[in-house]
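Reading through the structure tokens given below for one structure.
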Protein chains: 2
Amino acid sequence: MFSFKVLKKKNQARAGEIQTPHGIIKTPVFMPVATQSTIKALTFGQLETCSPQIILSNTYHLHLRPGEALIHQAGGLHKWTNYHKPFLTDSGGFQVFSQSRLGKCKINDNGAEFIDNIDGKKYFISPEDSITIQNKLGADIIMAFDHCPDGGANYEATKEAMRRTHLWAERCVSTHQNSTIKPSHQALFPIVQGGIFKDLREESAKFITSLDAPGFAIGGVSVGESRDDIDEIVKFTAPLLPEDKPRYLMGIGTKEDIVKAIEAGIDMFDCVMPTRIARHGAFFDANGDKQLIKSARYQNDFNPLVEGCRCYTCQNHSKAYVRHLFRVHESVAGSLLSMHNLTYLIDLTDKIRDEILQ
Amino acid sequence: MFSFKVLKKKNQARAGEIQTPHGIIKTPVFMPVATQSTIKALTFGQLETCSPQIILSNTYHLHLRPGEALIHQAGGLHKWTNYHKPFLTDSGGFQVFSQSRLGKCKINDNGAEFIDNIDGKKYFISPEDSITIQNKLGADIIMAFDHCPDGGANYEATKEAMRRTHLWAERCVSTHQNSTIKPSHQALFPIVQGGIFKDLREESAKFITSLDAPGFAIGGVSVGESRDDIDEIVKFTAPLLPEDKPRYLMGIGTKEDIVKAIEAGIDMFDCVMPTRIARHGAFFDANGDKQLIKSARYQNDFNPLVEGCRCYTCQNHSKAYVRHLFRVHESVAGSLLSMHNLTYLIDLTDKIRDEILQ
């Protein structure tokens, strides 16, 4: 089964529940990113201490290594990882964006040609390929293959990417509907594009939400545009999506952005930032601001990262100890800071949900 | 309290119990190594899944970073790490050996001068310094500062290192007895040297065991000599140590070596090998032989590393999954293989203990 209901609203903000084949997700929700089918630097046992509800994996990376055939042979992502909470896979669309920026990706209406950073091989992925790969990976929620333009792209380029995104979205929905290999109740979310241009966002929302889909995403946000543009576009676009379907704002993960987006009516978030900055020694303080653990002021600070934080790290270790581990290049420092940062964002959305419900 | 009793013997092999201020250690025991006050790639939460009884930290590394003053200020290693099982610290003596090999260490009867690999600074450690540092670190068991010659050293050089080891051992015992900063019941173990020469081992054992100490170690084993020499020397030296005190064979960690050493009457072992090879992708199979996870034959092997193994990794993941993580350079692969390898050696000594007791 896949379904969604809004339990309560506070202005535009919503507290809801997504029913998936692997359990209920209480929204708003932050989804940790497990690019290569693991959260970086964390085992699933460690991830569980953060109480995530759903995690995200990357289709492009798994297609390259180990290949979707192997994961399909294992019985899909849940059996492959032995992690039985809901999974979401992105479509590879974001890699079109990030590789385009580097001049490494050729795009036409058929699909996108990538160059593997590691072995230099060329890969071609069409919208149909992306869906078939995601069918085989077997996540609970999968995403349409989209063309995400750079945040600084001009109107014409943004409009062209939107046109292609719509063309591809239709083909993705059709491929998914006709798939004989997809797990039952696998949900496909198409993605609204349109950059920083409101008329394009409106046109895209209108087209994308006309497709038969159980949820919708806003893509092309936080890809180079200004902070004011991000806020403005999210605020403008979120209400254009149906009230009775989950709304996913892709790739957003700072406290400030999440709080504003929830106020705009967004239900789902993901971002690699909290674990990436953790591995580089940064942690969220009580206000959600980034602090650097290597700072000399923590040298003999025997308090936890954040007083009262429930995370494994704060319950067990001091800033002075984690600082030492980071300074002597122990990977455990990154693991400890990752658990803290993920717990921080997971608790942030939980707390906002409680506020909406009360 | 610190005490030891032999519960049962089977030929020379012993099953015993060491009482320490942080709990009882059932022997024979394998001690995981936490060089920088963490097991590499594992949190203490993960280490606990391996059921260790005691862990080892390195005085030399902690003296350099973060410095024993900070750990003392935190309340000693147990509070510093929030790990409340017994700790053992080595003395820095092994670093005399490994840096000597590189021509980076000057030794005379006063002590040893090291060069820090990281910042190039010179450090001087005397036997008295080593004990004072270890008093401040506050482990349950600490080691005398010794001069460990290379396994290939000639008779004269080995004898000279033994003479110095004896001189230093007396000074260590005296410093420890007069220490006003040591935790109560902190046990100091002096170390027998003598290389591959039986007359020197005999002389060393005689001198070292004449010192007033609650346990004794055999050092200078597996430092370049042949496998036959290792076996011969351990078999020769172990029975020269008192029956009623724990016997610690330093730096030994392969299945074969452990099994033989227990048969010779050894009670305690440590080695970095199981976690070091784990981070390089090797794991112990059911026979204790090393296998490489990257091997193509594990590509679609959905079985655990070892069928029936109780470790976190084998209980949760397949060879195919761990292989994928290792191939895409996820540090989690090293964490998973480390848990398996430590569990393997911990269970190995437990099993041998059970056999002795029955």
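The values are calculated or read from the model by the stated rules, or taken from the named source; none is laboratory data. What you see is a predicted model, and the numbers here were worked out from it, not measured in a lab. All Cβ positions, glycine included, derive from the backbone under ideal geometry; neighbour counts span all protein chains shown.
So here's what we get for this one:
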{"item": "Flag if A:GLY334 is at pLDDT 95 or above and part of a helix (DSSP H, G or I)", "result": "yes"}
{"item": "Any strands (runs of 3 or more DSSP E) falling wholly within region B:127-231 and containing at least 1 residues that are in contact with a Gly (Cβ under 8 Å, 6 or more places away or on another chain) and crowded, with 18+ Cβ neighbours inside 10 Å", "result": "B:141-143, B:187-189"}
{"item": "Residue within region B:67-82 that is touching a strand residue (DSSP E or B) at 6+ places or on another chain (Cβ under 7 Å), within 11 Å of chain A (Cβ to nearest Cβ) and not aromatic (Phe, Trp, Tyr) present", "result": "yes"}
{"item": "Pairs with Cβ under 6 Å, 6+ apart, first in region B:42-64 and more than 30 Å from B:PRO127 (Cα to Cα), second of a type outside the set (A, V, I, L, M) and not in a helix (DSSP H, G or I)", "result": "B:PHE44/B:TYR83"}
{"item": "Test: residue in region B:288-303 that is of a type outside the set (Phe, Trp, Tyr), modelled with pLDDT of 95 or more and either in contact with a His (Cβ under 8 Å, 6 or more places away or on another chain) or in the same structural domain as B:VAL29 (by TED's automatic domain parsing) (or both)", "result": "no"}
{"item": "Within region B:314-358, tally of residues that are more than 30 Å from B:ALA264 (Cβ to Cβ) and free of Cβ contacts under 8 Å to residues at least 60 places away in the same chain", "result": "20"}
{"item": "Restricting region B:298-319 to residues that are part of a helix (DSSP H, G or I) and of a type in the set (Phe, Trp, Tyr), the residue that is nearest to the other protein chains (Cβ to nearest Cβ)", "result": "B:TYR312"}
{"item": "Checking B:GLY138 against (1) under 22 Å from B:PHE207 (Cα atoms); (2) touching a residue at least 24 places away in the same chain (Cβ under 8 Å), the condition it does not meet", "result": "(1)"}
{"item": "Index of the failed condition, B:LEU305 passing every other in (1) surrounded by fewer than 15 Cβ atoms within 10 Å (Cβ to Cβ); (2) more than 21 Å from B:VAL223 (Cβ to Cβ)", "result": "(1)"}
{"item": "Index of the failed condition, A:PHE124 passing every other in (1) part of a helix (DSSP H, G or I); (2) free of Cβ contacts under 8 Å to residues at least 40 places away in the same chain; (3) closer than 23 Å to A:ASN58 by Cβ", "result": "(1)"}
{"item": "Filter result for A:ILE262 (in contact with a strand residue (DSSP E or B) (Cβ under 6 Å, 6 or more places away or on another chain), assigned to a loop (DSSP other than H, G, I, E, B) and either crowded, with 17+ Cβ neighbours inside 10 Å or of a type in the set (S, T, N, Q) (or both))", "result": "no"}
{"item": "Residue list for region A:91-107, restricted to those being assigned to a helix (DSSP H, G or I) and either touching a Leu at 6+ places or on another chain (Cβ under 8 Å) or closer than 18 Å to A:HIS176 by Cβ (or both)", "result": "A:GLY93"}
